[in-house]
Amino acid sequence: MTNAPVAQRPAPESPSTSAWSERRETAKQLRRFLVIGLSSVAADLASYALFLRVLGMDTLPAKGLSYFVGTIVGFIGNKLWTFESRRKSVSEPITYLVLYAITLGINMGVNELMIRGGNAAARAWFDSDHAARALLGVPVPTIIKALAVLVATGVTTVLNFLGMRFVTFRGALAERRALAQRT
C-alpha cells in the first residue's frame, strides 16, 4: 500500500473501461490496417498489371510476385504505424513472412478459383465475349481477373489482420499495455 495522496494515484481500470479501451485500440488498428492495406493492394495491383502486360507473365506467377510486392509495403506500414512496433525482433519479420506465405497460398488459390469459376459463369451467361463486351463495355476476362484479385485480397485481408494482431505483433502490443498499466 502506498502513502501517496488519493488524487495522485491512478484510478483502477474497471473491466468495462478496460474493454472499452481495448475496443478503441482495436478500432484504431483496424482503420490503420485498412489504410496500409489499400496501399499494399495498390502496389499489388500495379505490379500485377506490370507483370501481366509488360512482362507477359501467366496469371499464377504474376499474382505470386505482385502479392510479394504488397507484402513488403504492408510489413513496413503495419509494423511502424498500425501496430506501432519499435521492437528490433527477428520474430516479427519471420512470423510476418510465415503468415504471408500461408495467406499467399490462400490468395493464389482463391484468385485461380475465381478466374476458373468466372470464366465458366461467363460462358453460361453470354454466347460470346463479343456479346459480353457489348453489354459491359469491357472484355469479360478483364472483369473476371479484376474481381478475382479483389475477392482473393478480401479473404486474405481478414486472415492477415488476425494473424498480425494475435501472432506477429502481439509482443509489441503486450509491451505497450504493460507500459500503460505502469503509468
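Couple of notes before you dig in:
- Positions within the range 152-162 being within 10 Å of the chain's Cα centre (by Cα) and in contact (Cβ under 8 Å) with a residue 12 or more places away in the chain, in sequence order: Thr153, Val155, Thr156, Thr157, Leu159, Asn160, Phe161
- Residue tally, condition closer than 14 Å to Tyr48 by Cα and among the basic types (Lys, Arg), over the range 141-178: 1
- Glu22 passes every criterion in (1) closer than 23 Å to Arg165 by Cβ; (2) at pLDDT below 90; (3) acidic (Asp, Glu); (4) part of a loop (DSSP other than H, G, I, E, B) apart from (4).
- Of the residues making up the range 155-179, those that are out of contact with any Ser or Thr (no Cβ under 6 Å at 6 or more places or on another chain), closer than 19 Å to Ile106 by Cβ and modelled with pLDDT of 90 or more are Val155, Val158, Phe161, Leu162, Gly163, Met164, Arg165, Phe166.
- Of the criteria (1) modelled with pLDDT of 85 or more; (2) assigned to a helix (DSSP H, G or I), which one Met57 fails: (2)
- Among the residues of the range 36-67, the ones that are surrounded by 14 or more Cβ atoms within 10 Å (Cβ to Cβ) and either without any contact (Cβ under 8 Å) to a residue 12 or more places away in the chain or not basic (Lys, Arg) (or both) come to 21 in all.
- Every residue from the range 77-93 that is at pLDDT 95 or above and of a type in the set (Val, Ile, Thr): Thr82
- Candidate set from the range 73-91 (those that are of a type in the set (Val, Ile, Thr) and more than 13 Å from Ala42 (Cβ to Cβ)); member that is surrounded by the most Cβ atoms within 10 Å (Cβ to Cβ): Thr82
The values are calculated or read from the model by the stated rules, or taken from the named source; none is laboratory data. Every value quoted in this text rests on a predicted model; they were computed, and no experiment measured them. So basically every Cβ, Gly included, is an ideal-geometry build from the backbone, and we count neighbours across all protein chains shown.
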